[in-house]
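Colleague: My questions will all concern the structure given below.
The values are calculated or read from the model by the stated rules, or taken from the named source; none is laboratory data. Everything numeric here is computed off the predicted structure, so don't read it as measured data. Cβ: placed from backbone, ideal geometry, glycine included. Neighbour counts: every protein chain shown. Accessible surface areas use protein heavy atoms only, side chains included; no ligands, DNA or RNA. Shrake-Rupley method; radii C 1.70, N 1.55, O 1.52, S 1.80 Å.
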Amino acid sequence: MSEAGVVQDEGRRAAPTERASDPVISARGVWKIFGPQAEAEKIIGTEAATLPRAELRERTGCIAAVRDVDFEVWPGEVFVVMGLSGSGKSTLARVLIRLIEPTAGEIRIAGHDVMAADTAGLRQLRRGTVAMVFQHFGLLAHRRVVDNIGFGLEIQQKPKEQRLDRARKMVELVGLDGFENHFPDQLSGGMQQRVGLARAFAVDPEVMIFDEPFSALDPLIRRDMQNEVIRLQKETGKTMLFITHDLSEALRLGDRIMIMRDGEVVQQGSPEDLVGSPADDYVRNFVQDVPRSQVLTLRWIMRDATASDDLSGPTAPVDEVVRDVVSLVADNPKPVRVMDGDRMVGVVDRVAVLRADGGRS
Amino acid sequence: MSAVTTARPAIRARLPHLGRSAQVGVVLAILLVLFVLLENKFPWPSGLIYPLNKRFDALYEWIVDNQNSHWLFLYFFNHIANFLDQLVAYLNGVLVWLSWVGVTAAATLITLRWSGRRVALLVCGSFLSFGVLGVWEESMETLALMLSAVLVSLAIGIPAGVLAGRSDRFDKAITPVLDVMQIVPAFAYLMPVVIFFSVGNPAAVIATVVYAVPPAVRITALGVRGVARESVEMAESLGATRRQVLFGVQLPLALRSIMLGVNQTIMMALSIVIIASLIGGGGLGDTVISALSFLDVGLAIVASSAIVIMAIALDRATEAAAARMDASRHPEGGLRTPRFSARTLTAAVFVAIAAFALAARAFGIASFPDTVGVGDFIAGIINDVITWVQDPTKPVYPVTSWLGDHLVLWGLEPLRVFLSDSPWWAVIGSAVAIALIVSGVRQMIIAGVLLTAIGVMGVWGPGMDTASQVLVSTVLTLFFGVALGIVAAETPRFEQTIRPIQDALQTLPQIVYLIPIVALFSVGRVPGVIASVLYATPVVIRLVVVGIKEVSPAAVEAARAFGASRAEVLLKVKIPLARPAIMLGVNQGIIMVLAVVIVAGLVGGGALGYGVVVGLQRNEFGDGAVASLAILALGIVLDRVTRGNLQRRSI
Ligand SMILES: Nc1ncnc2c1ncn2[C@@H]1O[C@H](COP(=O)(O)OP(=O)(O)OP(=O)(O)O)[C@@H](O)[C@H]1O
Ligand SMILES: [Mg+2]
């Protein structure tokens, strides 16, 4: 799969309405307004809250970094948050585990009411339930790789043996065998972030939060690391909240993507939702360079069969991406029958496929 | 307060195009006119003097009466004094027990262990030189005093610095205090310390601590703040407690900075060793001061050389140790584990030290071999040179005396007269106006109040005398500093040549500058001025160099692209863009100059510094305390007037 590769359909989860279990993360009406606490709290719910960010800042001196954000992340899902620089992604990630104190909102993670948690409860949540991976790795320069990886366990005051044991396993998991006793600055950027990954996995969290973990890496390494995350996610089935400003990364990793602008959610949905029907120009700008045929499934380009259609052509599942049926229509002039299970739900003809494959929306 | 102040807004309104320097010029012109018209008509009115010195004398009497009965002394000051006394005595005892063999071995091995071979060699040579110069015992007294002060300073400074690094609120609260502590010349601390602790080692330690704590706090705070936010967040995201964040992340990552703080603290402590001996600190400082009072400049220079040698040795040792704290993370040659564990090595060092000390006792060489008066010999030569220099029939004296006389005749005296004989309200008014122009309303108010306070305390005359010395020195410092700074920034070779000289000059205690200069120029106001210029110029040079070098290459290239010559680039691009750095140079320079000018009270500089000297030597506590307060006030005024929009002074 080339450039803006896409997560395959078997990776997709069911639509929210059909989910059996509770969400792992749920955020309701989350706000973060930087500025004096009293001042900031007054803003929410007033007309000032609806002002554009710049204007609010001018009037009150407060910066609304996260505004009324709602979302859910389901078990085993990779949920990507995307937006330009300054759109509030990092703030949102930190607010979730109260590294930054939210101004308002409801947050639940793995059944814990985060907002109601006291210091001890919060610490418990951070020790066992959630782990973060950071943009600049956040490694401790004075500790060797194993001791960096075991840092989370050290904080939990696990015995040294157990710590080292687990850390060594993690070293293996992320493919750093042989580098256990190096210091971080003896490693390349990619390897350093592997240490960051291993440190997060070491505490065996239910949820992992990644804050632009690969944006400090060069493109080839980034690609490697993305594959690594995909692999680890498959192997461990962890729920992940992944922040990026790189669309191709979002498309590669994300089961669902949330796009933010100026602290607000602009659109949430599957990759094909975003590419197929961008909510506004902001999203359209984001997705305009994406090769549509690699993202869109037949569902997006099929039409109902008419009487004139020759229905003896080949079949393809409805959630196949367009790119994969190109060879089919090339070999066969008849329209492709689009199947949802055993049921035909529409047809796709050559013109539609070629248009979707060539076009960039 | 004055016509000048009230006229300010009007001037600004009418002449909006006047630059700041021009505005300052206008203020000074008005003052000059007032001086010419009203010379000597408005001395500080005696009705406006509050006899604060009498109050201090009364306070001192009360202290003497209550020293052994009042709870404040019984449960507070006396405890501190006793503790410090014992600390110094204890360290001294350890050094004596070790004997010169053990001490030299200790210094050498400890530096060998933590700083490296070359530094260890330097340290070994330095310690031996104390013996050779015949000042071993004095050096050890100084070392004990200095170590006590450093220990106390670090015990206060590191926790406070950590707190300031972690809490914005605490940082905000102590910053102004630290600012003031660093502005005020150490000389001004002596008097109050003596009043509460009387003369002796504890007083010397406390004065040193007051002087040495600010850099310890600042550098530690800077180090803790310098730890990447992400590293702290990382630990928090893993559920670390505040303690775990501190000990697992912030302190280890700030260790190098903290070590540099230790280095600075030691340097500060050594730089006031001589002054501290005025209030009972023994050792080398005492040797210097008493040699000076017998006009035995040779001995004074020998003893101060020992201080300088100690400063250089400890500076290099701690600096190298700080550098190795980073290097220890990169074991050279891959990851081989060292043959001995760190703990074994450390233990070996201490066993070896003890072995050396015991051996020295066993073989009866515990006291330094009599080096046939090498120190006396050197002192004799120096004294001969000085006699020659001061001989009017020889070529040097006529030159220095001509220089000195002209400096007094054309610089110091006219300015002193100008400041003290102008109407007092006009002087305050202009200072206030300049503070407003340069630094804004808040600083203006502070400057006005404090300047008035100097008059109210009854030391307007000496205050203006000191101010005139400071101004003359500052002008000279800026002249040389900016000129040399520009040259150094433009010619890398020149910069490389002067850098070691700058470094060496900065390790010298202020008063060490004074001694040879007194020999050259004889006592009076001149040595203070010249010494202060020597003391402050390197810092101004450095700030100017940094400022000019930091000018963005893009701006320079753009100017070149438009065909500007090198001189044009310098004048039109670099210097204007380096102005903030140069302003900082003015501010720092003036504070450094003040410190030396005050110390020069010891060698005939007169004015406020002399007030402190008299206070200390003749037990005129009230007068001494008033002079100290006036120095404090003047320091803050000079800082505020020149601080500009600086938020915070650098370390
Ligand atoms: N501590 C703070 N105090 C005040 N404003 C802040 C603070 N932290 C972030 N902001 C502001 O909040 C907004 C969102 O910042 P945030 O770091 O969350 O953006 P981001 O989407 O992560 O951007 P980037 O891609 O650059 O990391 C920005 O306008 C930023 O200036
Ligand atoms: Mg960010």
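Colleague: Looking at (1) within 9 Å of another protein chain (Cβ to nearest Cβ); (2) within 16 Å of ligand 1 (Cβ to nearest atom); (3) basic (Lys, Arg); (4) touching a Gly at 6+ places or on another chain (Cβ under 6 Å), which is the one condition that is false for A:Lys89?
Modeller: The number of the failed condition is (1).
Colleague: Could you check region A:97-135 and list, in sequence order, the residues that are under 21 Å from A:Leu197 (Cα atoms), among the hydrophobic types (A, V, I, L, M, F, W, C) and within 12 Å of ligand 1 (Cβ to nearest atom)?
Modeller: A:Leu99, A:Phe134
Colleague: On to the next question. Output the number of residues of region A:72-125 satisfying the condition of being in a strand (DSSP E or B) and in contact with an Asp or Glu (Cβ under 6 Å, 6 or more places away or on another chain).
Modeller: Adding up the residues that qualify gives 1.
Colleague: So A:Ile259 fits all but one of (1) within 16 Å of ligand 2 (Cβ to nearest atom); (2) closer than 21 Å to A:Gly178 by Cα; (3) away from chain B (no Cβ under 14 Å); what number is the exception?
Modeller: Condition (2) is where A:Ile259 drops out.
Colleague: Still on this model: Can you tell me which of (1) open to solvent by less than 10 Å² (accessible area, probe 1.4 Å); (2) within 14 Å of chain A (Cβ to nearest Cβ) is the one B:Thr265 doesn't meet?
Modeller: (2)
Colleague: So how many residues does region B:194-227 have that are in contact with a Gly (Cβ under 7 Å, 6 or more places away or on another chain) and of a type in the set (A, V, I, L, M)?
Modeller: Of the residues in region B:194-227, 9 are in contact with a Gly (Cβ under 7 Å, 6 or more places away or on another chain) and of a type in the set (A, V, I, L, M).
Colleague: Residues of region B:376-396 being closer than 24 Å to B:Val288 by Cα and either hydrophobic (A, V, I, L, M, F, W, C) or buried (at least 17 other Cβ atoms within 10 Å of the Cβ) (or both), which ones?
Modeller: Those that are closer than 24 Å to B:Val288 by Cα and either hydrophobic (A, V, I, L, M, F, W, C) or buried (at least 17 other Cβ atoms within 10 Å of the Cβ) (or both): B:Phe377, B:Ile378, B:Ala379, B:Ile381, B:Ile382, B:Asn383, B:Val385, B:Ile386, B:Trp388, B:Val389, B:Gln390.
Colleague: Let me ask another. Filter region A:110-156 down to residues that are at positive phi and either among the acidic types (Asp, Glu) or more than 9 Å from chain B (Cβ to nearest Cβ) (or both), then give me how many there are.
Modeller: 2
Colleague: Which count do you get for residues in region A:94-117 that are hydrophobic (A, V, I, L, M, F, W, C) and either farther than 16 Å from B:Ser237 by Cα or more than 16 Å from ligand 2 (Cβ to nearest atom) (or both)? Don't jump to the end; show me each part of the working.
Modeller: If we filter region A:94-117 for residues that are hydrophobic (A, V, I, L, M, F, W, C), which is where we start, we get A:95-97, A:99-100, A:104, A:107, A:109-110, A:114-117.
After this cut, where a residue has to be either farther than 16 Å from B:Ser237 by Cα or more than 16 Å from ligand 2 (Cβ to nearest atom) (or both) as well, the list is A:104, A:107, A:109-110, A:114-117.
The qualifying residues number 8.
Colleague: Still on this structure, I have one more. Could you pull out the residue among B:Pro553, B:Pro516, B:Pro509, B:Pro538 that is at pLDDT 80 or above and in the same structural domain as B:Ser473 (by TED's automatic domain parsing)?
Modeller: Exactly one of B:Pro553, B:Pro516, B:Pro509, B:Pro538 is at pLDDT 80 or above and in the same structural domain as B:Ser473 (by TED's automatic domain parsing), namely B:Pro538.
Colleague: Looking at region B:417-438 only, could you name the residues that are closer than 14 Å to B:Ala29 by Cβ, in contact with a Ser or Thr (Cβ under 8 Å, 6 or more places away or on another chain) and open to solvent by 20 Å² or more (accessible area, probe 1.4 Å)?
Modeller: The one that is closer than 14 Å to B:Ala29 by Cβ, in contact with a Ser or Thr (Cβ under 8 Å, 6 or more places away or on another chain) and open to solvent by 20 Å² or more (accessible area, probe 1.4 Å): B:Phe418.
Colleague: Give region A:240-258 a look and list any residue that's within 10 Å of the chain's Cα centre (by Cα) and not in a helix (DSSP H, G or I), or say none. Outline the logic, then answer.
Modeller: Narrowing region A:240-258 to residues within 10 Å of the chain's Cα centre (by Cα): A:240-244, A:249-258.
Hits for region A:240-258 are A:Met240, A:Leu241, A:Phe242, A:Ile243, A:Thr244, A:Gly254, A:Asp255, A:Arg256, A:Ile257, A:Met258.
Colleague: Taking region A:202-214 as the region of interest, how many residues are touching a residue at least 40 places away in the same chain (Cβ under 8 Å) and more than 13 Å from every other protein chain (Cβ to nearest Cβ)?
Modeller: 1
Colleague: Residue check, B:Gly239 against (1) touching a helix residue (DSSP H, G or I) at 6+ places or on another chain (Cβ under 9 Å); (2) open to solvent by less than 30 Å² (accessible area, probe 1.4 Å); (3) assigned to a helix (DSSP H, G or I); (4) within 14 Å of chain A (Cβ to nearest Cβ), all met but one. Which one?
Modeller: Result: B:Gly239 fails condition (3) only.
Colleague: Out of all the residues in region A:54-76, is one or more surrounded by fewer than 15 Cβ atoms within 10 Å (Cβ to Cβ) and more than 14 Å from ligand 1 (Cβ to nearest atom)?
Modeller: So far as region A:54-76 goes, yes, one or more of its residues are surrounded by fewer than 15 Cβ atoms within 10 Å (Cβ to Cβ) and more than 14 Å from ligand 1 (Cβ to nearest atom).
Colleague: Please determine whether any residue of region A:257-277 is in contact (Cβ under 8 Å) with a residue 24 or more places away in the chain, among the aliphatic types (A, V, I, L, M), closer than 25 Å to A:Pro219 by Cβ and in contact with a Phe, Trp or Tyr (Cβ under 6 Å, 6 or more places away or on another chain).
Modeller: yes
Colleague: Yes or no: B:Ile49 in contact with a Phe, Trp or Tyr (Cβ under 9 Å, 6 or more places away or on another chain) and either in the same structural domain as B:Asp623 (by TED's automatic domain parsing) or open to solvent by 60 Å² or more (accessible area, probe 1.4 Å) (or both)?
Modeller: Yes: the conditions hold for B:Ile49.
Colleague: Hey, another quick one. Out of the helices (runs of 4 or more DSSP H) lying entirely within region B:543-651, which hold 1 or more residues that are in contact (Cβ under 8 Å) with a residue 60 or more places away in the chain?
Modeller: Ranges flagged: B:579-599, B:607-617, B:621-642.
Colleague: Can you confirm whether region A:187-198 contains a residue that is within 14 Å of chain B (Cβ to nearest Cβ) and over 26 Å from A:Thr91 (Cα atoms)?
Modeller: Yes, region A:187-198 contains at least one residue that is within 14 Å of chain B (Cβ to nearest Cβ) and over 26 Å from A:Thr91 (Cα atoms).
Colleague: Could you please give the count of residues in region B:128-159 that are open to solvent by less than 10 Å² (accessible area, probe 1.4 Å) and not aliphatic (A, V, I, L, M)?
Modeller: Residues in region B:128-159 being open to solvent by less than 10 Å² (accessible area, probe 1.4 Å) and not aliphatic (A, V, I, L, M): 7 in total.
Colleague: Something else now. Taking the condition hydroxyl-bearing (Ser, Thr, Tyr), within 15 Å of the chain's Cα centre (by Cα) and within 16 Å of ligand 2 (Cβ to nearest atom), does A:Ser85 pass?
Modeller: Spelling it out, it is not the case that A:Ser85 is hydroxyl-bearing (Ser, Thr, Tyr), within 15 Å of the chain's Cα centre (by Cα) and within 16 Å of ligand 2 (Cβ to nearest atom).
Colleague: Related question: If a residue has to be open to solvent by 20 Å² or more (accessible area, probe 1.4 Å), in a helix (DSSP H, G or I) and within 10 Å of chain A (Cβ to nearest Cβ) to count, how many in region B:216-236 make the cut?
Modeller: Residues in region B:216-236 being open to solvent by 20 Å² or more (accessible area, probe 1.4 Å), in a helix (DSSP H, G or I) and within 10 Å of chain A (Cβ to nearest Cβ): 4 in total.
Colleague: B:Gly248 - would you say it is at the interface with chain A (Cβ under 10 Å from one of its Cβ atoms) and free of Cβ contacts under 8 Å to residues at least 12 places away in the same chain?
Modeller: Numbers: at the interface with chain A (Cβ under 10 Å from one of its Cβ atoms): yes; free of Cβ contacts under 8 Å to residues at least 12 places away in the same chain: no.
Here the answer is no, as B:Gly248 does not meet what is asked.
Colleague: Right, something else. Quick check on this structure: which one of A:Gln162, A:Gln192, A:Gln135 is open to solvent by 10 Å² or more (accessible area, probe 1.4 Å) and within 16 Å of ligand 2 (Cβ to nearest atom)?
Modeller: A:Gln135
Colleague: Which of the following residues is among the aliphatic types (A, V, I, L, M) and more than 23 Å from the chain's Cα centre (by Cα): B:Ala254, B:Ala269, B:Ala276?
Modeller: Result: B:Ala254 is the single residue among B:Ala254, B:Ala269, B:Ala276 that is among the aliphatic types (A, V, I, L, M) and more than 23 Å from the chain's Cα centre (by Cα).
Colleague: Could I ask something else about it? Can you pull out every residue in region A:203-229 that is away from ligand 1 (no atom under 16 Å from the Cβ), surrounded by 16 or more Cβ atoms within 10 Å (Cβ to Cβ) and not charged (D, E, K, R)?
Modeller: Result: A:Val203, A:Pro205, A:Val207, A:Met208, A:Ile221, A:Met225, A:Gln226, A:Val229.
Colleague: Can you name the helices (runs of 4 or more DSSP H) wholly within region B:426-538 that have at least 3 residues being closer than 30 Å to B:Thr387 by Cα?
Modeller: Numbers: elements: B:441-456, B:460-490, B:492-507, B:510-521.
Once the helices (runs of 4 or more DSSP H) in region B:426-538 are filtered for at least 3 residues that are closer than 30 Å to B:Thr387 by Cα, what remains is B:460-490, B:492-507, B:510-521.
Colleague: Pairs please, first residue from region A:226-250 and in contact (Cβ under 8 Å) with a residue 60 or more places away in the chain, second anywhere and within 16 Å of ligand 2 (Cβ to nearest atom) and part of a helix (DSSP H, G or I), Cβ atoms under 6 Å, 6+ apart in sequence or on different chains.
Modeller: Close Cβ pairs (under 6 Å, with a partner that is within 16 Å of ligand 2 (Cβ to nearest atom) and part of a helix (DSSP H, G or I)) amount to A:Ile243/A:Lys89; A:Ile243/A:Ala93; A:Thr244/A:Ala250.
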